[in-house]
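Take a look at the structure set out below.
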Amino acid sequence: MHFNQLLRERYSIRDYKPLKVSKALVIEVLEAGRMAPSAANRQPWNFILVSDENNLEKLKKAYDREWFKNVPQMIVVCGNHNESWKRSIDQKDHCDVDAAIAVDHMTLRATELGLGTCWVCHFDPAIVRDVLNLPEHVEPIALLPIGYPLENKAPAKKRKAFSEVVFEEVYGAPLKK
Ligand SMILES: Cc1cc2nc3c(=O)[nH]c(=O)nc-3n(C[C@H](O)[C@H](O)[C@H](O)COP(=O)(O)O)c2cc1C
């Protein structure tokens, strides 16, 4: 699939077939995350694959939504604050930025492989920490359900207009085409 098409075909999947994705295919997706760039190449992340029904059930308590109950598998993306790069000028921690790039790589690779994903950040981090036994400096950043989409109908993208988000030279100046 051409990259431009991939960008348009990836969308958040919230309905999955009750099937697990093969380990080999999930590894392809995890590898895409591992290849992501990161600030100072610190790669301050861990990707935890959760497939065991018992663990999934516990993890699902962290995000109480009907659709989430049917998620067949999940990748939990964690950021390691001991490893992440901090900008010397103001100490800005780039852990979230790095993790987001890795998640984006994974969602796009998953789409290419015919799989669905959905970013989930509106979870209770205390529950995730507890279930996964995360050390203090490792933060759960995103839950990434992964599986086969129940339907394959990409909805129309709802996005702000180009002119609303893109400026030229200075803030607020429209880009001249
Ligand atoms: C950082 C981030 C956090 C998100 N958290 C959630 C979430 O907790 N629950 C959810 O259902 N969707 C979540 N989403 C999915 C967004 O709602 C979705 O990406 C957005 O509406 C655009 O739709 P699309 O992904 O289908 O293009 C999140 C997306 C991002 C990037």
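Values in this text are rule-based calculations from the coordinates and carry no lab data. From a predicted model like this one, the values you see are computed outputs, not experimental measurements. As a convention, Cβ positions derive from the backbone with ideal geometry for all residues, glycine included, and neighbour counts pool all protein chains shown.
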Listed by first then second residue, the pairs whose first member lies in the range 79-105 and is small (Gly, Ala, Ser), whose partner is in a loop (DSSP other than H, G, I, E, B), with beta carbons under 6 Å and at least 6 positions apart or on separate chains, are GLY79/PRO44; SER84/ARG42; SER84/PRO44; SER84/HIS94; ALA102/ALA36
Quickly run through the range 105-151 and pick out the residues that are β-branched (Val, Ile, Thr) and within 16 Å of the ligand (Cβ to nearest atom). THR107, THR111, THR117, VAL120, ILE127, VAL128, ILE141, ILE146
Enumeration of residues in the range 91-104 that are of a type outside the set (Asp, Glu), more than 12 Å from the ligand (Cβ to nearest atom) and touching a strand residue (DSSP E or B) at 6+ places or on another chain (Cβ under 9 Å): LYS92, HIS94, CYS95, ALA102
Test each condition in (1) without any contact (Cβ under 8 Å) to a residue 60 or more places away in the chain; (2) under 20 Å from ALA110 (Cβ atoms); (3) surrounded by fewer than 14 Cβ atoms within 10 Å (Cβ to Cβ); (4) not hydrophobic (A, V, I, L, M, F, W, C) for ASN70 and report the one that comes out false. (3)
Check off (1) buried (at least 16 other Cβ atoms within 10 Å of the Cβ); (2) more than 16 Å from TYR16 (Cβ to Cβ) for ILE146 and give me the number that stays unchecked. (2)
Near pairs, Cβ below 9 angstrom, 6+ apart or cross-chain, from the range 148-165 (within 19 Å of LEU7 (Cβ to Cβ)) to any residue that is small (Gly, Ala, Ser) and surrounded by 10 or more Cβ atoms within 10 Å (Cβ to Cβ): PRO149/GLY114; PRO149/GLY116; ASN152/GLY114; ASN152/GLY116
